1. Please pick out the residue among Ala100, Ala166 that is hydrophobic (A, V, I, L, M, F, W, C) and assigned to a helix (DSSP H, G or I).
2. Looking at segment 3-20, which of its residues are under 19 Å from His93 (Cα atoms) and of a type in the set (A, V, I, L, M, F, W, C)?
3. State all residues of segment 140-157 that are in a helix (DSSP H, G or I) and more than 17 Å from Glu108 (Cα to Cα); if no residue qualifies, say none.
4. Yes or no: Asn48 more than 25 Å from Leu169 (Cβ to Cβ) and either polar (S, T, N, Q) or in contact with a strand residue (DSSP E or B) (Cβ under 7 Å, 6 or more places away or on another chain) (or both)?
5. Quick one: what pairs do we get from segment 123-146, first residue within 15 Å of Ile94 (Cβ to Cβ) and touching a residue at least 40 places away in the same chain (Cβ under 8 Å), second surrounded by 12 or more Cβ atoms within 10 Å (Cβ to Cβ) and among the hydroxyl-bearing types (Ser, Thr, Tyr), C-beta under 7 Å, 6+ apart or different chains?
6. Out of Arg164, Arg91, Arg125, Arg137, I need the residue that is surrounded by fewer than 21 Cβ atoms within 10 Å (Cβ to Cβ) and under 16 Å from the mean Cα position of the chain (by Cα). Which one?
7. From the list Gly11, Gly81, Gly29, Gly75, which one is of a type in the set (Gly, Ala, Ser) and in contact with a Phe, Trp or Tyr (Cβ under 6 Å, 6 or more places away or on another chain)?
8. How about segment 16-65: which of its residues are under 23 Å from Ser157 (Cβ atoms), in contact (Cβ under 8 Å) with a residue 60 or more places away in the chain and among the aliphatic types (A, V, I, L, M)?
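No value in this document is a laboratory result; all are computed from the given coordinates. Quantities reported herein were computed from a predicted structural model and do not represent experimental measurements. FYI the Cβ positions are ideal-geometry reconstructions off the backbone, even for glycines, and counts take in every protein chain you see.
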Amino acid sequence: MNPAPNLVLVGPMGAGKSSIGRRLAERFGLEFVDADQAIVERAGASINTIFEHSGEAGFREHERTVLQELLQGRGRLISTGGGAVLHHDNRRHIRERSFAVYLRVGVESQLQRLQRDRSRPLLQRGDRVQILHELTRQREPLYREVADLEIDTDHLSPSEATARLALQLAATWQSTEYSQ
């Protein structure tokens, strides 16, 4: 068993972090927190608006602050944004304060899942296929760096992925929510 006060889902956009996260949180009795939604609530602006006014660097600073605050709690399942692993402080906090699960997904599945999505600023900058391949190349080593467990969600529905992940988590992770 690998005890940790929180469970964190990392991975690229379209991997299922939010939909699987909600289901897992309910199954394990954890508070579900979507980090991107927490950023929006704290900033009082949409992610697109933050990107427009502060750029990606400004957004990443909001992300770093919010994630650090969220990880100070216990008993949470935190669904991170795809780029949360880019900042070394975020990776350190994730390793120190959580059991991290990397939800893998291939570019073809991402394209299918995100085909109608126009809310993601990084996908509005050109060829989606090229962008997703580049993001995968940059971020996959960082997801693996923080991950205690990996699962491929490519050909799984959120329900199927949740069921498989719940079994693996029951064997590998122990919440420290009630200790100390």
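1. Testing whether each residue is hydrophobic (A, V, I, L, M, F, W, C) and assigned to a helix (DSSP H, G or I) leaves just Ala166.
2. Hits for segment 3-20 are Ala4, Leu7, Val8, Leu9, Val10.
3. Within segment 140-157, Pro141, Leu142, Tyr143, Arg144, Glu145, Val146 qualify.
4. Numbers: more than 25 Å from Leu169 (Cβ to Cβ): yes; either polar (S, T, N, Q) or in contact with a strand residue (DSSP E or B) (Cβ under 7 Å, 6 or more places away or on another chain) (or both): yes.
Criteria met by Asn48.
5. From residues that are within 15 Å of Ile94 (Cβ to Cβ) and touching a residue at least 40 places away in the same chain (Cβ under 8 Å), the pairs are Tyr143/Tyr102; Arg144/Tyr102.
6. On the way: Arg164 fails: under 16 Å from the mean Cα position of the chain (by Cα); Arg125 fails: under 16 Å from the mean Cα position of the chain (by Cα); Arg137 fails: under 16 Å from the mean Cα position of the chain (by Cα).
The match here is Arg91.
7. Working: Gly81 fails: in contact with a Phe, Trp or Tyr (Cβ under 6 Å, 6 or more places away or on another chain); Gly29 fails: in contact with a Phe, Trp or Tyr (Cβ under 6 Å, 6 or more places away or on another chain); Gly75 fails: in contact with a Phe, Trp or Tyr (Cβ under 6 Å, 6 or more places away or on another chain).
Going through Gly11, Gly81, Gly29, Gly75 in turn, the sole match is Gly11.
8. Result: Ile20, Leu24, Leu30.
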